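What follows draws every value from the coordinates through simple rules; no lab data is involved. Since this is a predicted model, take the numbers as computed values, not measurements. Please note: Cβ atoms are built from the backbone with ideal geometry, for glycine as well, and neighbour counts cover all protein chains shown.
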Amino acid sequence: MIELLFYPSPNGQKVAIALEEMGLPYQVTFVDITRGAQFDPGFLKISPNNKIPAMIDHAAPDGPLALFESGAILVYLAERSGQFLPSPAAARYTCLQWLFWQVGGLGPMAGQAHHFRAFASEQVPYGIKRYTDEVNRLYGVLERQLSLHPFMAGDYSIADMATWPWITHHERQGQSLSDFPQIARWYAAMAARPAVQRAVSLGHERHADAIGHQHLYGQTAARVNAAAGTAPATPDHVPPPATSRGTGVP
Ligand SMILES: N[C@@H](CCC(=O)N[C@@H](CS)C(=O)NCC(=O)O)C(=O)O
């Protein structure tokens, strides 16, 4: 059985989509990142980056295997199930390059756009413009790719599963799908898939609130070290005051 350490945010949902699409049996352990559960020493042993998603394959062929980082987890699950990551080299690396594009590009940039546009405790016009523009550029890249292929890497793959949950927040990123008709087509096709619908319904009632912001923003190395028991707590791990602007993760 695979244990998914999960919160219903885009990075958690991408793994839930993969598990549902692959038909792998799994159980969900909710990690409430809005209440600081990502700093529990037991969780940090599995996910030293104090972020979801993480997973444990309790029945892995060589013994229990724990992983963090959504891209690594998606590749593992694709190989475990033999689905959604082609074997021939050209198709495999095409899929991996788009997966890495999401994990290293769209995800972090969209996350910053969410922060500056919806959650920051002060309005920073430069930050808002920089990340809204960069997400817009990335949407343009995705639009061009989807004008050539039905899915990001040709056939439906873990690259699409990684990207789709981030597009659900296009409005928060300052983007309109009417400007990107190929993304809109692809987005609707995935939204209609029962596996995607099951995945996004997982824990959908959970939302970050002002207390959540105290745990999610203003993190430093000192805070993680203190939580992991590797260094004494210092004053700079005290959470900043909550903002009243917006709710949600990330
Ligand atoms: N690079 C990571 C990013 C994961 C990530 O940002 N997770 C967020 C939720 S979407 C999180 O756990 N945040 C908790 C925190 O920052 O303390 C991945 O792809 O798995």
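Using the Cβ-Cβ distance between L148 and S87 with R0 = 25 Å, the FRET efficiency computed as 1/(1 + (r/R0)^6) comes to roughly 0.65. Take every pair of alpha-carbon atoms less than 8 Å apart whose residues are at least six positions apart; their mean separation over the length of the range 11-151 yields a relative contact order of 15 percent.
Decide, for the chain, between rounded, prolate and oblate: order the square roots of the alpha carbon gyration tensor eigenvalues as a ≥ b ≥ c, take rounded if a/c falls under 1.5, and otherwise choose prolate if a/b is larger than b/c, else oblate. Walk me through the numbers before you get to the answer.
Working: a/c = 1.91, a/b = 1.15, b/c = 1.66.
It is oblate, given that a/c is not under 1.5 and a/b is not larger than b/c.
Mind checking the range 130-225 for trypsin sites (Lys or Arg not before Pro) that DSSP puts in a loop (not H, G, I, E or B) and that have at most 13 other Cβ atoms within 10 Å?
Details: sites: R130, R137, R144, R172, R185, R198, R206, R223; in loops: R172, R206.
Filter output for the range 130-225: empty list.
Comparing G154, G203, G229 in a Gaussian network model of the chain (Cα springs below 10 Å), the most mobile by mean-square fluctuation is G229. Look at the Cα gyration tensor of the range 89-193: its axes a ≥ b ≥ c give a/c of at least 1.5 with a/b over b/c, and that counts as prolate.
Please label the shape of the range 18-141 as rounded, prolate or oblate, based on the square roots a ≥ b ≥ c of the eigenvalues of the alpha-carbon gyration tensor (a/c under 1.5 means rounded; beyond that, a/b larger than b/c means prolate, else oblate). Intermediate values should be presented prior to the final figure.
Numbers: a/c = 2.93, a/b = 1.32, b/c = 2.23.
Verdict is oblate for the range 18-141.
If we count GluC sites (Glu not before Pro) as exposed when they sit in a DSSP loop and have at most 11 other beta carbons within 10 Å, what is the longest stretch of the chain that avoids them all?
Working: sites that count: E122, E171, E205.
It works out to 1-121.
Over the chain, dividing the summed -39,500 (n - 2.57) contributions of all DSSP H runs of at least 4 residues by the number of residues returns a 222 nm mean residue ellipticity of -14500 deg cm²/dmol. Averaging the Cα positions of each part gives two centres, and for the range 72-92 and the range 154-199 these lie 20 Å apart.
Taking label positions 7 Å along the Cα-Cβ direction at both D155 and A72, the computed distance is 2.7 nm, reported to one decimal.
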